[in-house]
Amino acid sequence: MEHRFGRRALLRGAGGLAAAAVLPSLAACGTGTSRATTGGGSKTVIVRNSGGAYGEALQKGIYTPFSKETGIEVKVVNLSGTQSLAQMKQGRPQFDLMDNSMSQFSRWIPENVLEPLDYDRISSFKSAKLPENMVKEYAVGKSYYATVMAYSTEAFGNKAPGTWADFWDAGGFAGNRSMGNPDADIPELEFALLADGVPMDKLYPLDVDRAFKAMDRIRPHIKKYWDTGNLPGVLLSRREVALSTVWHGRLDQLIAGGAPLAYQLSGGRRQAQGYAIPKGAANLDAAYQLIDFTLRPEVQAGIAKFYPANPAVAAAYDRLTAEERANLPGSPEFFDKGFDVDIDWWLKNESAISKRWREWARD
């Protein structure tokens with residue numbers, strides 16, 4: 001799962017879930033020397049994803065069962081965003097399908113490097129009933145990821161923070177905090193506004209001045225601005241901070257290992273992950289078949305069992321246990337308690353706000 005607008009660490013292939021190497025079983029792929037031809041007879045599809053634990057989960061939950069059903073081999077390349085765009089601009093993409101954030105696909109539309117999707121070639125699309133923000137001309141969503149609050153369960157006795165107002169309440173919830181910086185993700189201004197009393201359905205357009213004033217209040221208690229996905233877990237585990245923003249799912253292994261950490265999913269900031277096809281894809285039909293396979297509710301539910309990616313297909317949640325849904329910000333239990341990033345607003349304003357954030361952080 002790649003988290004960017006801001007998740008530059010992933011787009012660079014470093015930090016977060018990105019990995020510099022291809023999955024071990026697919027280490028020889030991605031050179032472009034043995035690509036199949038376009039058409040129904042394609043027996044290979046090359047997918048670009050960000051690797052890491054997310055890539056391993058995709059292999060188990062999607063690629064392996066897809067290959068078993070169709071006979072089409074899925075090869076994986078873990079290219080950075082910069083590398084991917086360079087290949088597409090040259091008209092020679094060494095992949096047929098991209099797994100990336102919907103926001104990143106929006107950034108690439110002006111580059112004229114993406115294939116307009118033919119939704120008639122995706123048999124499962126109509127029954128998937130995807131949210132409107134996941135159906136675009138050049139990309140289709142398949143999952144959500146979220147930035148949420150995490151905290152040490154040993155820091156506050158019998159009480160636990162439940163809202164962003166609690167995160168901002170250093171008197172009632174004493175201890176250092178950590179928040180993300182623009183090298184990791186878009187500035188977390190929405191959380192500042194929620195803490196300041198702005199209703200969740202009134203966040204956009206963001207009141208930037210009000211958000212920075214709220215940030216001023218919490219700043220003395222922020223020990224570290226994290227720039228990689230693993231850092232919040234490190235800081236919390238070492239008790240250097242008591243609370244932190246975090247990409248949901250990044251603490252799961254620590255929690256499973258006994259670390260006294262927990263998430264607060266209410267108020268989570270959701271972003272969408274999806275598929276796009278580059279112009280010049282060699283195995284176009286196979287790419288469409290993989291998209292079609294991924295949007296089946298049973299497949300969506302299956303990937304959630306391997307990795308806390310939130311299914312975009314609502315029917316998938318009916319195939320998950322209450323315990324499994326309880327850890328997913330996109331589940332029916334939490335969906336109305338979180339919010340979707342306004343991609344269009346951030347695409348217009350991210351550069352100026354990130355510049356202001358950096359100046360604010362240096363003062």
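Observations on the structure shown:
- Considering the stretch 79-126, the residues that are small (G, A, S), touching a residue at least 12 places away in the same chain (Cβ under 8 Å) and outside any strand (DSSP E or B) include one that is most open to solvent (accessible area, probe 1.4 Å), namely S123.
- Residue count for the stretch 197-215 satisfying the condition of being in contact (Cβ under 8 Å) with a residue 40 or more places away in the chain, of a type outside the set (A, V, I, L, M) and surrounded by 12 or more Cβ atoms within 10 Å (Cβ to Cβ): 2.
- Within the stretch 200-225, considering residues that are in a loop (DSSP other than H, G, I, E, B) and over 18 Å from T147 (Cα atoms), the one nearest to the chain's Cα centre (by Cα): P205
- Test result for V234, of a type in the set (A, V, I, L, M) and open to solvent by 30 Å² or more (accessible area, probe 1.4 Å): yes
- Checked against (1) within 30 Å of L231 (Cβ to Cβ); (2) touching a residue at least 12 places away in the same chain (Cβ under 8 Å), F335 meets all criteria but (2).
- Whether a residue is out of contact with any His (no Cβ under 8 Å at 6 or more places or on another chain), without any contact (Cβ under 8 Å) to a residue 60 or more places away in the chain and assigned to a loop (DSSP other than H, G, I, E, B) was assessed, and A259 passes this test.
- Qualifying residue in the stretch 288-299 (condition: open to solvent by 50 Å² or more (accessible area, probe 1.4 Å), without any contact (Cβ under 8 Å) to a residue 24 or more places away in the chain and over 22 Å from V148 (Cα atoms)): yes
- Top-ranked residue in the stretch 154-191 [being part of a helix (DSSP H, G or I) and over 21 Å from the mean Cα position of the chain (by Cα); ranked as surrounded by the fewest Cβ atoms within 10 Å (Cβ to Cβ)]: A165
- When S143, S152 are checked against the criterion of being of a type in the set (S, T, Y) and more than 15 Å from L295 (Cα to Cα), S152 stands alone in meeting it.
- Test: residue in the stretch 256-266 that is open to solvent by less than 30 Å² (accessible area, probe 1.4 Å) and within 27 Å of R107 (Cβ to Cβ): no
- As for the stretch 274-295, it holds no residue that is among the basic types (K, R), in contact with a strand residue (DSSP E or B) (Cβ under 8 Å, 6 or more places away or on another chain) and in a helix (DSSP H, G or I).
- I343 vs. criteria among the hydrophobic types (A, V, I, L, M, F, W, C), closer than 24 Å to N181 by Cα, in contact (Cβ under 8 Å) with a residue 60 or more places away in the chain and open to solvent by 30 Å² or more (accessible area, probe 1.4 Å): yes
The values are calculated or read from the model by the stated rules, or taken from the named source; none is laboratory data. These numbers were taken from a predicted model, which means no experiment stands behind them. Positions of Cβ are backbone-derived with ideal geometry, glycine not excepted, and every protein chain shown enters the neighbour counts. Accessible surface is based on the protein model in full, side chains and every heavy atom, while ligands, DNA and RNA are left aside. Shrake-Rupley method; radii C 1.70, N 1.55, O 1.52, S 1.80 Å.
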